[in-house]
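Enquirer: Shown below is the structure under consideration.
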Amino acid sequence: MATLPESSGFYGYQAEMADYPTETFLVDPATHRMIGVQGGQEAMRQMVEITLNIERYKYQIYSPNAGVQLQELIGQRPEYVTSMLKRRITDALLVDRRILSVHDFQFSIQFGQVHCSFQVLTVYGEVEGEVTI
């Protein structure tokens with residue numbers, strides 16, 4: 001004997017994957033105030049910036065997929081940092097389905113700091129990103 005009546009429609013339910021809009025609140029980096037709601041390429045630029053500024057697994061408020069693991073690279077040899085940055089940045093950003101690829105990594109080492117700049121190809125166009133360790 002079934003626990004649910006067959007007329008309930010439970011057995012015919014199919015889960016659907018939905019793509020949600022990119023619109024978000026934009027924050028002015030200089031004043032740290034919201035300046036409006038916008039989507040597209042500007043929202044993706046902000047998403048890349050936020051992702052690169054969140055340390056993965058450090059804050060319980062964020063999911064384990066949010067952020068990038070850069071904290072443990074501080075103080076390491078520059079050669080090791082350059083080898084790990086490309087993989088860690090790519091892994092952190094490709095979690096989002098709107099990001100197609102991360103490419104054109106450029107590294108510069110000055111005074112023991114590694115500066116990395118790169119291009120992020122999204123469904124809305126190219127966005128630049130950068131990190132300094």
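Enquirer: Output the residue which, of all residues in the stretch 111-133 that are under 14 Å from Ser101 (Cβ atoms) and among the hydroxyl-bearing types (Ser, Thr, Tyr), is most open to solvent (accessible area, probe 1.4 Å).
Expert: Ranking the qualifying residues of the stretch 111-133, first place goes to Tyr124.
Enquirer: Is the stretch 30-41 home to any residue that is at pLDDT 90 or above, open to solvent by 70 Å² or more (accessible area, probe 1.4 Å) and under 13 Å from the mean Cα position of the chain (by Cα)?
Expert: No, the stretch 30-41 contains no residue that is at pLDDT 90 or above, open to solvent by 70 Å² or more (accessible area, probe 1.4 Å) and under 13 Å from the mean Cα position of the chain (by Cα).
Enquirer: Something else about it: Scanning the stretch 1-12 for residues that are at pLDDT below 60 and open to solvent by 100 Å² or more (accessible area, probe 1.4 Å), which turns out farthest from Val120 (Cα to Cα)?
Expert: Met1
Enquirer: While we're here: Among all residue pairs at least 6 apart or on different chains, which show Cβ distances below 9 Å where the first residue, located in the stretch 34-59, is over 16 Å from Val95 (Cβ atoms) and the second is part of a strand (DSSP E or B) and acidic (Asp, Glu)?
Expert: Final answer for the pair search is Gln41/Glu126; Arg45/Glu128.
The values are calculated or read from the model by the stated rules, or taken from the named source; none is laboratory data. Just so it is clear, the model here is predicted, and its values are computed rather than measured. So basically every Cβ, Gly included, is an ideal-geometry build from the backbone, and we count neighbours across all protein chains shown. Surface areas here come from the heavy atoms of the whole protein model, side chains and all, with no ligands, DNA or RNA. Shrake-Rupley method; radii C 1.70, N 1.55, O 1.52, S 1.80 Å.
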